[in-house]
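Read through the structure below, which is laid out as structure tokens, and then see the notes.
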Amino acid sequence: MTTYSFRCEEHGTVDVRRGFGAAPAVAPCPVCGRPMRRVWTAPMVSLAPRAAVEAIDRAERSRTEPEVVTRVPGRPGRTVAPTPAQRRLPRP
Ligand SMILES: [Zn+2]
């Protein structure tokens, strides 16, 4: 889906979502029904790295839909070998 902008002389700019390349030259105003002419705008193509866009989207989504942890992270049954410094610690 692509967002196309149209301008009603009475109600201003209105965004209309249609399939790519399916924008009509004239669309009816959703408020008054008069024909609106298409307004040409810069394409909203993001040049940001995909990982950054996903991180921003996840941060914005966490405001209203926080991720809930249902289990302890990590693989079950996995043990971590003690470091040499931990091996020297006194045992109870
Ligand atoms: Zn209108």
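The values are calculated or read from the model by the stated rules, or taken from the named source; none is laboratory data. If you're wondering where the values come from, they're calculated on a predicted model, not measured in any experiment. Glycine also receives a Cβ, built like all others from the backbone with ideal geometry; neighbour counts cover every protein chain displayed.
Observations
- Filter result for Arg34 (basic (Lys, Arg), within 16 Å of the ligand (Cβ to nearest atom) and touching a Pro at 6+ places or on another chain (Cβ under 8 Å)): yes
- Annotation for the stretch 81-88: no member residue is within 25 Å of the chain's Cα centre (by Cα) and loosely packed, with under 10 Cβ neighbours inside 10 Å.
- Residues being in a loop (DSSP other than H, G, I, E, B) and closer than 28 Å to Asp57 by Cα - total across the stretch 1-47: 14
- Contacts under 6 angstrom Cβ, first residue in the stretch 14-35 being free of Cβ contacts under 8 Å to residues at least 24 places away in the same chain, partner in a loop (DSSP other than H, G, I, E, B) and within 16 Å of the ligand (Cβ to nearest atom), 6 or more apart: Cys29/His11; Val31/His11
- Of all residues in the stretch 37-49, those being at pLDDT 85 or above and either in contact with a Pro (Cβ under 7 Å, 6 or more places away or on another chain) or more than 13 Å from the ligand (Cβ to nearest atom) (or both) number 3.
Let's see how each residue does on (1) within 16 Å of the ligand (Cβ to nearest atom); (2) surrounded by 10 or more Cβ atoms within 10 Å (Cβ to Cβ):
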residue: Thr2; (1), (2): no, yes
residue: Thr13; (1), (2): yes, yes
residue: Ala27; (1), (2): yes, yes
residue: Ala51; (1), (2): no, no
residue: Glu65; (1), (2): no, no
residue: Pro92; (1), (2): no, no
